[in-house]
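The values are calculated or read from the model by the stated rules, or taken from the named source; none is laboratory data. Just so we're clear, the structure is a prediction, and the values are computed from it rather than from any experiment. Positions of Cβ are backbone-derived with ideal geometry, glycine not excepted, and every protein chain shown enters the neighbour counts. Side chains are part of the model used for accessible areas, which takes the heavy atoms of the whole protein and leaves out ligands, DNA and RNA. Shrake-Rupley method; radii C 1.70, N 1.55, O 1.52, S 1.80 Å.
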Amino acid sequence: LAADVAGNRLFVAAESAHEALVFNLRTGEYLRSITGIGIPHAIFVREDLDRIYITDGGAGEVRIYDGKNYKLLGTVKLKVDADSIGYDPSTHELYVANGGGDANETFSMLSVVDTTAGTKVADIRIDGRTLEAMTLEKDSPLLYVNNPAKGEVDVVNRKTRAVVAKWPVKTCERNVAMALEEPAHRLFVACRSGAIAIFDTKTGKQGMPPLPIPRGVDDLIFDPASKRLSASCGAEGGAIAGYQM
């Protein structure tokens, strides 16, 4: 999902339909679809440019659309399985996980895309056949990305574009989702085995016991206003697990 608050739109990646659906954010009314996408994964809307960026895992690229008429403006070629993203508003750079096992490689790429120019500016190589969700700190150049193939969180310095630390996830398996409470230095890492590991970002250690959730987690959101942590879990019939932190 991606919300365009200024434009009152909600975008939904419909993978099996090979399109992105557009809804009225407030009423839920279906507006239209953006078609012709191989395997749409993550969506980002840059409101100041009124552009829509969609990762296409099938073609291995970022597709850029005009937010007014939905015409394709261009593509940024990456490796196959272009998937999760993270955005740095200070540099207008989009970080995109791609490559890995689907590219028949034992490493993945964290590619850096200049969203203004619509070009790739760097590749950060990370050992492991798949990368999942990531999150960026605002007050430091650090980026955290899930590396389930290695059972760890990789810490990337966005300025040097290098992996500076690797934190093992010891209390659960298949770490795919992530959320950050930056002021409290807490990184929440959700695993499909049915738990949320909590890291102290100052030390890289798991200082709190894991939080149990249903199996099959796919996304994790922390709301700083209410201090609530919500996990969407697809196994066991589907459920939303919520914690007051």
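Of the conditions (1) surrounded by 14 or more Cβ atoms within 10 Å (Cβ to Cβ); (2) under 27 Å from PRO148 (Cβ atoms); (3) of a type in the set (D, E, K, R); (4) at pLDDT 95 or above, ARG9 satisfies every one except a single condition; which number is it?
Failing condition for ARG9: (2).
Quick test for you: out of LYS77, LYS68, pick the one residue that is farther than 22 Å from LEU142 by Cβ, free of Cβ contacts under 8 Å to residues at least 40 places away in the same chain and basic (Lys, Arg).
After ruling out the rest, the residue left standing is LYS68.
For THR201, all conditions in the list (1) crowded, with 18+ Cβ neighbours inside 10 Å; (2) over 21 Å from the mean Cα position of the chain (by Cα) hold save one; what is the number of the exception?
It fails just one condition, (2).
Give segment 65-80 a look and list any residue that's over 17 Å from THR55 (Cβ atoms) and open to solvent by 80 Å² or more (accessible area, probe 1.4 Å), or say none.
Once the filter is applied, which keeps residues that are over 17 Å from THR55 (Cβ atoms) and open to solvent by 80 Å² or more (accessible area, probe 1.4 Å), segment 65-80 yields LYS68, LYS71.
Does ALA20 fit the bill of being farther than 16 Å from VAL113 by Cα, open to solvent by less than 40 Å² (accessible area, probe 1.4 Å) and among the small types (Gly, Ala, Ser)? If you could, list the steps in order and put the result at the bottom.
Details: farther than 16 Å from VAL113 by Cα: yes; open to solvent by less than 40 Å² (accessible area, probe 1.4 Å): yes; among the small types (Gly, Ala, Ser): yes.
So ALA20 fits the description; yes.
Say we look at segment 204-222 and pick out the residues that are more than 15 Å from MET178 (Cβ to Cβ) and either in a strand (DSSP E or B) or aromatic (Phe, Trp, Tyr) (or both); which of these is most open to solvent (accessible area, probe 1.4 Å)?
LYS205
In segment 176-194, which residues are of a type in the set (Gly, Ala, Ser), more than 19 Å from the chain's Cα centre (by Cα) and not in a loop (DSSP other than H, G, I, E, B)?
ALA184
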